[in-house]
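The values are calculated or read from the model by the stated rules, or taken from the named source; none is laboratory data. Quick caveat, the model's predicted, so the values are computed rather than measured. Virtual Cβ from ideal backbone geometry, glycine too; neighbours counted across all protein chains shown.
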Amino acid sequence: MSGRYPHNSKINVRQEWERAARRRRATGRRKYTRAVDADAIDLDEFEGMVTQALEDLPDWVQEAVAGIAIMVDDEPPADWHGRGLLLGQFHGVARTRIGSRVPGSLPDRIELYRVPILKVSRTADDVAARVRKVLGHEIGHAFGIAETRLRELGWY
């Protein structure tokens, strides 16, 4: 009975999951019913949460990311058309490839997006925890850690 609902053995979980994914793709969006209202936490308060998350990092991580600009914006860039909801993004050269930096290139930066993070947060109190997780995830990319490994480590 693996992969099936225990109360109804005729429903295949994988098929239901795939069907729901097709519906989301067809409508072009997910329904975020647990979203925190965007007016509940303004940009200044959100930036304070990001600052606190940075201060809570271990000293060695703070030193390693000291040269990375941490930026906050309401929404991802309009030209971003990836899958899913973009909560944050690392732009730059991973610390594992620092020797490959081209002279004159832009400095590394991490961007966190307020409105998408609020959309996936259940409550206003959950936002700070989500900020820490997204920031940790993007710092992982700055250290050269791949998406699959970040998932394994619980930073997704």
- Number of the condition not met by residue 49 [criteria: (1) out of contact with any Pro (no Cβ under 9 Å at 6 or more places or on another chain); (2) surrounded by fewer than 16 Cβ atoms within 10 Å (Cβ to Cβ)]: (2)
- Task: Out of the residues in region 134-149 that are touching a helix residue (DSSP H, G or I) at 6+ places or on another chain (Cβ under 9 Å) and either among the polar types (S, T, N, Q) or under 16 Å from residue 114 (Cα atoms) (or both), state the one that is surrounded by the fewest Cβ atoms within 10 Å (Cβ to Cβ).
- Result: 136
- Message: Looking only at helices (runs of 4 or more DSSP H) that lie completely in region 101-156, which have at least 2 residues being of a type outside the set (Asp, Glu) and modelled with pLDDT of 90 or more?
- Response: 114-119, 124-142
- Could you please give the count of residues in region 32-70 that are closer than 18 Å to residue 107 by Cα and either out of contact with any helix residue (DSSP H, G or I) (no Cβ under 9 Å at 6 or more places or on another chain) or assigned to a loop (DSSP other than H, G, I, E, B) (or both)? 6
